[in-house]
Amino acid sequence: MLERELLSVGTMSAQVANHIGSRIVSGEFLPGAALPIESELCEYYGVSRTTVREAVKSLAGKRLVEVSPKVGTRVLPFNEWNLLDRDVLAWRLQTQFDAKIVEDIFEMRFCFEPRASFLAARDGTDEDLAQIEHYFRELAAAQLEGLPIKTISEAALEFHLAIINASHNGLFVTIGSAVKSALRVSSEMLQRHTKRPSEDVALHDAVRSAIVGRRPAEAAKAMEHLLAASRERLLPLTVDAA
């Protein structure tokens, strides 16, 4: 029998889904394992059957679990998970922040952000470029003035998203939105361990300058350089995957 765990008031099914999802991603519930039966989950979380069913339905939509009348609710294999789901990404970053997930994030970013920078330089509108300039100025000011980490990381996030949006590639924009939580967490980690803010500003400025100067190939290379520098700074902060 599971020991009851009380949730904060007003959280309901989303909070139950969040907690169970984190437990699955952390490996507490392994692939193929059955989740506790509905009545046990109700007692554990102190919620109704309807709340538990809604939470499990949410997790099934993220492909973390599969519900079968004969075998109950079972955890699906990792390769079935919807890894671009915002919640799944957030749970992985909270419970599995290791070298593997950092490599996965940056390999994905290398696949589309340099090309997005190329397209932004080539096809971005004047309004798009003004947005990129705006978020770069916010980032530079926050970095050099030593503003709170969250302020700096949000400015960096918006800078990258502005470039992705300026690409006018619908799939890139969708991916950027999907991995926003991963970008935010990695950005915050980087800002906590930035030893030379001016160097970070210079890396972003090289990307900005190439894009607003309408130099697509240079913009792509500048973004590759920025991502490579960020990855090399972040990897030593992780715990190696087992």
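The values are calculated or read from the model by the stated rules, or taken from the named source; none is laboratory data. Predicted, not measured: the structure shown is a model, and the values here were computed from it. We place every Cβ from the backbone using ideal geometry, glycine too, and count neighbours over all the protein chains shown. Note: accessible area is taken over every heavy atom of the protein model, side chains too, but ligands, DNA and RNA are not part of it. Shrake-Rupley method; radii C 1.70, N 1.55, O 1.52, S 1.80 Å.
If only one of 142, 120 is within 12 Å of residue 211 (Cβ to Cβ) and not polar (S, T, N, Q), which one is it?
So the residue among 142, 120 that is within 12 Å of residue 211 (Cβ to Cβ) and not polar (S, T, N, Q) is 120.
Restricting attention to the range 178-208 and to residues that are more than 17 Å from residue 107 (Cα to Cα) and among the hydroxyl-bearing types (Ser, Thr, Tyr), the residue that is least open to solvent (accessible area, probe 1.4 Å) turns out to be 194.
From the list 74, 92, 115, 122, the lone residue that is among the basic types (Lys, Arg) and open to solvent by less than 40 Å² (accessible area, probe 1.4 Å) is 92. Would you mind stating whether residue 102 is more than 30 Å from residue 232 (Cα to Cα) and among the aliphatic types (A, V, I, L, M)? Here the answer is no, as residue 102 does not meet what is asked. Per the listing 66, 133, 127, 54, the residue uniquely touching a Ser or Thr at 6+ places or on another chain (Cβ under 8 Å), surrounded by fewer than 20 Cβ atoms within 10 Å (Cβ to Cβ) and modelled with pLDDT of 95 or more is 66. Could you check residue 142 against (1) more than 21 Å from the chain's Cα centre (by Cα); (2) open to solvent by 10 Å² or more (accessible area, probe 1.4 Å) and say which number it fails? In the conditions (1) more than 21 Å from the chain's Cα centre (by Cα); (2) open to solvent by 10 Å² or more (accessible area, probe 1.4 Å), residue 142 misses (2) alone.
Taken together, the residues in the range 145-169 that are among the hydrophobic types (A, V, I, L, M, F, W, C) and open to solvent by 60 Å² or more (accessible area, probe 1.4 Å) amount to 2. Here the helices (runs of 4 or more DSSP H) wholly within the range 87-177 that include at least 3 residues being touching a residue at least 60 places away in the same chain (Cβ under 8 Å) and not aromatic (Phe, Trp, Tyr) are 99-123, 126-144.
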